[in-house]
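Okay, so here's the structure we're looking at.
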Amino acid sequence: MENPLTPEVLADPVALTRALVDIESVSLDEKAIADCVEEVLRRVPHLSTFRHGNTVMARTDLGRDSRVVLAGHLDTVPLNDNFPSTMRGDLMYGCGTSDMKSGVAFALHLAVTLPDPRYDVTYLFYEAEEIESRYNGLTLVGGAHPEWLQADFAVLLEPTYGIVEVGCQGTMRAVVTLHGERAHAARSWRGVNAIHGAGEVLRRLSTYEARRVTIDGCDFREGLNAVRIGGGVAGNVVPDRCEIEINYRFAPDRDPAAAEAHLREVLAGYELTVTDVAAGALPGLKAPVAQEFLAAVGSAPRGKLGWTDVARFAAMGIPALNFGPGDPNLAHHKDEHVELTKIRDGAATLHRWLTPA
Ligand SMILES: [Zn+2]
């Protein structure tokens, strides 16, 4: 395949977004896009470029006082009749337009066109963000080359519709298991129906009042939901087991232990197993580099509700935030799209931040 990321395309964040969208890269199938990105970066004289799996890292080494990370994931959720991209007026439609190839385009455009940024910059293009954490390019790099992630500040170019979203909520998955006793459905009184036991659990969840909390001026809104339910043996058997999977999104003033304690309180009396948890991240806006970034953007930050890799950097003590052109409400939707003006404005903002007046 000829590399579609030509110099003309790289010079224009809109054209670059479209070219990236048109390289299919559903999670675990990022080789083609990583090849294209790596080839481009290796040609840039002011960058040192490295690769681990399908994650590509390029960085300047200018001896600046501070180092910042600009990071974007190369993968998308599965296609949904939305590939390749299409244009409608000021909107570009297609899988990954919002989440997050428009953000990836920012980083790649700046990597290629900015030989002399005010901070040293590490550009990270990583694989498998949309699936389990063990496949995530940042998890893999964090194990194999932790020094690639070292920085004073990180910007993750996830969709935020052009505003700054800080911190992020934690996420916990848990399973409530209900037990019963099998019986023939014709003599159901001899058994105990585990599925019927779900009623009270679902009632507690549906009447649950989620907490709202303000941290450093940013509002966070929690959520507690059943996301899957399973049970049943056969059409004529009273089921002896029912499992309800629960997802709890918790504000970053709660750590995973506090979140679990709260969940156990809400579902007291039930067998509950936590299957997966990712801590949230506090806003972390005090670092001077973060302040300079906020000044360049010029609008007030907002609390991030979804879990993002911001938390991964926060866990390493690196303040991080989200800033990208896509609309987070459209991510993973069939009609996912991005506004071209958001791409142009956001690229200009990052350029302003990285080039001293
Ligand atoms: Zn994303």
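The values are calculated or read from the model by the stated rules, or taken from the named source; none is laboratory data. All figures in this text were calculated on a predicted structure; none of them were measured in a lab. Note: ideal-geometry Cβ built from the backbone for every residue, glycine included; neighbour counts use all protein chains shown. Ligands, DNA and RNA are excluded from the accessible area calculation, which covers all protein heavy atoms including side chains. Shrake-Rupley method; radii C 1.70, N 1.55, O 1.52, S 1.80 Å.
Looking at G162, is it small (G, A, S), more than 16 Å from the ligand (Cβ to nearest atom) and touching a residue at least 60 places away in the same chain (Cβ under 8 Å)? So that I can check it myself, show each step before the final result.
Numbers: small (G, A, S): yes; more than 16 Å from the ligand (Cβ to nearest atom): no; touching a residue at least 60 places away in the same chain (Cβ under 8 Å): yes.
For G162, the condition - small (G, A, S), more than 16 Å from the ligand (Cβ to nearest atom) and touching a residue at least 60 places away in the same chain (Cβ under 8 Å) - is not met.
From the residues in the stretch 259-316 that are within 16 Å of the ligand (Cβ to nearest atom) and of a type outside the set (G, A, S), which one is farthest from the chain's Cα centre (by Cα)?
So in the stretch 259-316, the residues within 16 Å of the ligand (Cβ to nearest atom) come out as 278, 281, 304-313.
Filter once more, so that each one left must be of a type outside the set (G, A, S): 304-305, 307-310, 312-313.
Values: K304: 10, L305: 11, W307: 6, T308: 4, D309: 6, V310: 8, R312: 11, F313: 12 Å.
Going through the qualifying residues, I end up with F313.
Out of (1) farther than 30 Å from A315 by Cβ; (2) exposed (fewer than 13 other Cβ atoms within 10 Å of the Cβ); (3) not polar (S, T, N, Q), the odd one out for G217 is which?
All conditions are met except number (1).
Output the residues belonging to the stretch 163-176 that are open to solvent by 10 Å² or more (accessible area, probe 1.4 Å) and at pLDDT 95 or above.
Residues satisfying the conditions are R173, V175.
Report yes if N225 is assigned to a strand (DSSP E or B), touching a Phe, Trp or Tyr at 6+ places or on another chain (Cβ under 9 Å) and in contact (Cβ under 8 Å) with a residue 12 or more places away in the chain, otherwise no.
On the way: assigned to a strand (DSSP E or B): yes; touching a Phe, Trp or Tyr at 6+ places or on another chain (Cβ under 9 Å): yes; in contact (Cβ under 8 Å) with a residue 12 or more places away in the chain: yes.
Spelling it out, N225 is indeed assigned to a strand (DSSP E or B), touching a Phe, Trp or Tyr at 6+ places or on another chain (Cβ under 9 Å) and in contact (Cβ under 8 Å) with a residue 12 or more places away in the chain.
Quick one: in the stretch 46-84, of everything that is without any contact (Cβ under 8 Å) to a residue 24 or more places away in the chain and closer than 16 Å to P115 by Cα, which residue is surrounded by the fewest Cβ atoms within 10 Å (Cβ to Cβ)?
First, pick out the residues of the stretch 46-84 that are without any contact (Cβ under 8 Å) to a residue 24 or more places away in the chain: 48-49, 51.
Cutting the leftovers down to closer than 16 Å to P115 by Cα gives us 48-49.
Values: S48: 13, T49: 18.
That would be S48.
Which condition number in (1) farther than 18 Å from E127 by Cβ; (2) open to solvent by 50 Å² or more (accessible area, probe 1.4 Å) is the one that L91 fails?
That leaves (2) as the condition not met.
Quick check, is A154 of a type in the set (G, A, S), touching a residue at least 40 places away in the same chain (Cβ under 8 Å) and over 19 Å from A278 (Cα atoms)? Don't jump to the end; show me each part of the working.
On the way: of a type in the set (G, A, S): yes; touching a residue at least 40 places away in the same chain (Cβ under 8 Å): yes; over 19 Å from A278 (Cα atoms): no.
No.
With the condition being buried (at least 21 other Cβ atoms within 10 Å of the Cβ), I'd like the helices (runs of 4 or more DSSP H) fully within the stretch 246-342 carrying at least 2 qualifying residues.
288-297, 310-315
Does the stretch 81-90 contain at least one residue that is in contact with a Gly (Cβ under 8 Å, 6 or more places away or on another chain) and within 16 Å of the ligand (Cβ to nearest atom)? Walk me through how you get there before you give the answer.
The initial filter retains those residues of the stretch 81-90 that are in contact with a Gly (Cβ under 8 Å, 6 or more places away or on another chain), namely 82-86.
From what's left, within 16 Å of the ligand (Cβ to nearest atom): 82.
So far as the stretch 81-90 goes, yes, one or more of its residues are in contact with a Gly (Cβ under 8 Å, 6 or more places away or on another chain) and within 16 Å of the ligand (Cβ to nearest atom).
Got a sec? Which of S133, S102 is open to solvent by less than 20 Å² (accessible area, probe 1.4 Å) and closer than 28 Å to E336 by Cα? Don't jump to the end; show me each part of the working.
On the way: S133 fails: open to solvent by less than 20 Å² (accessible area, probe 1.4 Å).
Among S133, S102, only S102 is open to solvent by less than 20 Å² (accessible area, probe 1.4 Å) and closer than 28 Å to E336 by Cα.
Among the residues of the stretch 167-179, is there at least one that is within 16 Å of the ligand (Cβ to nearest atom), in contact (Cβ under 8 Å) with a residue 60 or more places away in the chain and in contact with a Pro (Cβ under 8 Å, 6 or more places away or on another chain)?
So the first thing to find is which residues in the stretch 167-179 are within 16 Å of the ligand (Cβ to nearest atom), and the list is 168-169, 171.
Okay, now just the ones that are also in contact (Cβ under 8 Å) with a residue 60 or more places away in the chain, so 168-169, 171.
Remaining after also requiring in contact with a Pro (Cβ under 8 Å, 6 or more places away or on another chain): 168-169.
Yes: the stretch 167-179 contains one or more residues that are within 16 Å of the ligand (Cβ to nearest atom), in contact (Cβ under 8 Å) with a residue 60 or more places away in the chain and in contact with a Pro (Cβ under 8 Å, 6 or more places away or on another chain).
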